[in-house]
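Scroll down for the structure; my scribbles are underneath it.
The values are calculated or read from the model by the stated rules, or taken from the named source; none is laboratory data. Since this is a predicted model, take the numbers as computed values, not measurements. Positions of Cβ are backbone-derived with ideal geometry, glycine not excepted, and every protein chain shown enters the neighbour counts. Heavy atoms of the whole protein, side chains included, go into the accessibility calculation; ligands, DNA and RNA do not. Shrake-Rupley method; radii C 1.70, N 1.55, O 1.52, S 1.80 Å.
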Amino acid sequence: MATKPPVFKIPKSIGACADKLYETRQRRLEMQKEIDTLSAQETQLKNYIIDTLPKSDASGVAGKLCRVSVVTKKVPQVKDWDAFYKHIKKSGEFELLSRSIGKAAIEERWEAGKKIPGVESFDVTTVSMNKV
């Protein structure tokens, strides 16, 4: 059964909120360094298993906690973008593309005064933080 996280109380003054934001961010960044280290170790272990296991006759290997095996999957990769785009235009199979935009390319065009049909902007409000 999952336990509920402790209730977080926002400090009363806005200055104390700013300090708490800074402390929280610093703590998260410190924890992220630990996570990055663990992630790098995980990647090294996976790569070692991928490089080592297929060379043996085993289809997998078991330790005391788990069993691992190397699995190969087919991943799509476009080799000829012109042919791919031509197919999409002709067939109308736009679901073959992801629904994301080239933010930097759009911003470049906007800075050059160009409009892109169907694209608009919206404002995002964030908090900027600088150590004093």
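Taking the conditions (1) at pLDDT below 90; (2) within 22 Å of the chain's Cα centre (by Cα); (3) not polar (S, T, N, Q) in turn, residue 76 satisfies each one other than (1).
Among residues of the stretch 66-86 that are at negative phi, those with a beta-carbon under 7 Å from a residue that is assigned to a helix (DSSP H, G or I) and modelled with pLDDT under 95 at least six positions away or on a different chain give the pairs 68/49; 70/49; 70/50; 70/53; 70/54.
Filtering the stretch 59-92 to residues that are open to solvent by 80 Å² or more (accessible area, probe 1.4 Å) and in a strand (DSSP E or B) leaves only 67.
Within the stretch 13-58, if we keep just the residues that are modelled with pLDDT of 95 or more and either of a type in the set (Phe, Trp, Tyr) or outside any helix (DSSP H, G or I) (or both), the residue that is surrounded by the fewest Cβ atoms within 10 Å (Cβ to Cβ) turns out to be 13.
Among the residues of the stretch 93-108, those that are surrounded by 10 or more Cβ atoms within 10 Å (Cβ to Cβ) and either in a loop (DSSP other than H, G, I, E, B) or at pLDDT below 90 (or both) comprise 93, 97, 101.
Consider the stretch 1-41. How many of its residues are under 17 Å from residue 129 (Cβ atoms) and either touching a residue at least 12 places away in the same chain (Cβ under 8 Å) or of a type in the set (A, V, I, L, M) (or both)?
Final tally of qualifying residues: 8.
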